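These notes concern the structure reproduced below.
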Amino acid sequence: MSQFVIDTAFVTQTLQQMVQIDSVNPGLAAGGAGEGAVATWLYEVCTALGLEVHLQETAPRRPNVIAHWAGSGGGKSLLLTGHTDVVSVENMAGDPFDGRIENGRLYGRGAYDMKGGLASILGAVAALKASGFQPAGDIWLGFVTDEEYLSIGTDALVTAIQPDAAILTEPTDVQLCIAHKGFAWLTLTTEGRAAHGSKYSEGVDAITHMQHLLKMIMTLETEIFVDDLHPLLGRNSVHASMIRGGIGLSTYPDRCTLQVEHRYLPDLQAAEIVQLWQDEIDDLTRTIPDFKGEVNLDFERPGYEILPDAPIVQTLHQAFVDVMQAEPSYMGQYAWLDSAILGHANIPTVILGPGGAGMHAAVEYVNLQDVVDCAAIIAQAAAVWVG
Ligand SMILES: [Zn+2]
């Protein structure tokens, strides 16, 4: 059993108030409110918990909230972290920010992804404080901006602090998440030659040439990516996202662009993906008359993986057993998470958060009991980790 008692009323009220504050990511939705108001609110809550708090500007009116509980010395430090932004509320059923509670579920945009996880962090720290716990190592809270778009929040956070480990409270249905994929956005271009539709001897049709690169997607999907299976994450994948080309019915198109997205395993690098495309383009240039193509890497975020025997995973595993009286299950996430930035900044990170449904969907909710359970597990793990 955990010696830390979670204040369910505090956790519920904290979560409800957070959901009721609009923090739609302005990078994703034009006119989105941004994280400013929820940051101000978190600043006050953390200050009331007796933490030393400061705001770290990541963009105008979009600050990270960094709260610090100084240790007495000698222990390992720990970061508890999650993002404050939410995705667009377009097409949501009902009031997206009402935070209503029904049958043990709290509803609203961001309840599940991931203000539920933020409430678990606050509930854990409140329980540690209430118990009279005095940490040896530092406890840091990092409430970051912009995870749903470019992750400028965690990029900034890792320049400010260097904790010995982190727990990221993205939703995992109360499982330990130890791996997730990376993603890369590429633009493929074929060049043709514009000419009047009647001039077949002059025109080179860039759109028709794109078929060879579209075929490469099929080859990657059905031949190259099929054998490499990760036990938690499945396989590498790629899909065509957007295609553009042509300027008129009676004109040979001089250019066609295809944007593709790769989702890839932690052991693959974006540079290797680009090289696959470059090799194919080189091949096509040699073998197809008038073929001219190009690949550009527009944006990438690597995957992430931590071994089950890493100390922070073991600590969280034991805390789970102590609190839940059961063995935790382990999972991977297909989606990308900020843990990649933390991991690549040498901060070993495990992901644990509540269950619910409707991430990025029309109806979103989080299970309140899971939020409380995660708070108890995090309090127990933090106490053991920081000593
Ligand atoms: Zn999230």
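The values are calculated or read from the model by the stated rules, or taken from the named source; none is laboratory data. Computed from a predicted model, the values in this text were never measured in an experiment. Here the Cβ is made from the backbone with ideal geometry for all residues, glycine too, and neighbour counts use every protein chain on show.
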Tell me, which residue of segment 140-171 that is hydroxyl-bearing (Ser, Thr, Tyr) and surrounded by fewer than 24 Cβ atoms within 10 Å (Cβ to Cβ) is nearest to residue 345 (Cα to Cα)?
159
Starting from segment 161-185, take each residue that is within 12 Å of the ligand (Cβ to nearest atom) and list its partners that are polar (S, T, N, Q), counting only C-beta distances under 7 angstrom and pairs at least six apart or across chains.
168/81; 168/339; 168/349; 169/120; 177/333; 180/333; 180/339
Looking only at strands (runs of 3 or more DSSP E) that lie completely in segment 312-380, which have at least 3 residues being in the same structural domain as residue 101 (by TED's automatic domain parsing), within 22 Å of the chain's Cα centre (by Cα) and within 28 Å of residue 184 (Cα to Cα)?
330-333, 349-351
Working only within segment 41-53, note down all residues that are on the phi < 0 side of the Ramachandran plot and surrounded by fewer than 14 Cβ atoms within 10 Å (Cβ to Cβ).
44, 47, 48, 52
Out of the residues in segment 327-365 meeting the condition of being among the aromatic types (Phe, Trp, Tyr) and within 16 Å of the ligand (Cβ to nearest atom), tell me which one is modelled with the highest pLDDT.
365
Within the bounds of segment 120-143, is there any residue that is in a helix (DSSP H, G or I), assigned by TED's automatic domain parsing to the domain that holds residue 380, within 16 Å of the ligand (Cβ to nearest atom) and under 21 Å from residue 313 (Cα atoms)?
yes
May I ask you to verify whether residue 205 is on the phi > 0 side of the Ramachandran plot and acidic (Asp, Glu)?
no
Qualifying position, being surrounded by fewer than 20 Cβ atoms within 10 Å (Cβ to Cβ), hydrophobic (A, V, I, L, M, F, W, C) and without any contact (Cβ under 8 Å) to a residue 60 or more places away in the chain, among 70, 9, 59, 93
9
Which condition from (1) under 13 Å from residue 357 (Cα atoms); (2) buried (at least 24 other Cβ atoms within 10 Å of the Cβ) is the one that residue 123 breaks?
(1)
Look at residue 353 and say whether it is touching a strand residue (DSSP E or B) at 6+ places or on another chain (Cβ under 9 Å) and surrounded by fewer than 20 Cβ atoms within 10 Å (Cβ to Cβ).
no
Residues of segment 43-64 satisfying the condition of being hydrophobic (A, V, I, L, M, F, W, C) and under 18 Å from residue 26 (Cα atoms)
59
Of everything in segment 70-94, what is within 25 Å of the chain's Cα centre (by Cα) and away from the ligand (no atom under 16 Å from the Cβ)? Give them in sequence order.
77, 78, 79, 90, 91, 92, 93
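Conditions (1) in contact with a helix residue (DSSP H, G or I) (Cβ under 6 Å, 6 or more places away or on another chain); (2) over 25 Å from residue 159 (Cα atoms), marked per residue:
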residue	(1), (2)
309	no, yes
318	no, yes
321	no, yes
339	no, no
357	no, yes
363	no, yes
367	no, yes
375	yes, yes
Just for segment 366-375: of the residues that are farther than 28 Å from residue 234 by Cβ and surrounded by 24 or more Cβ atoms within 10 Å (Cβ to Cβ), which one is farthest from the ligand (Cβ to nearest atom)?
375
Flagged in segment 68-119 as over 25 Å from residue 135 (Cβ atoms) and part of a strand (DSSP E or B), in numbering order, are 86, 101, 102, 105, 106, 107
Filter result for residue 152 (in contact (Cβ under 8 Å) with a residue 24 or more places away in the chain, of a type outside the set (Gly, Ala, Ser) and either within 11 Å of the ligand (Cβ to nearest atom) or closer than 23 Å to residue 382 by Cα (or both))
no
If I filter segment 96-120 down to residues being crowded, with 19+ Cβ neighbours inside 10 Å and among the small types (Gly, Ala, Ser), which single residue comes out as farthest from residue 146 (Cα to Cα)?
99
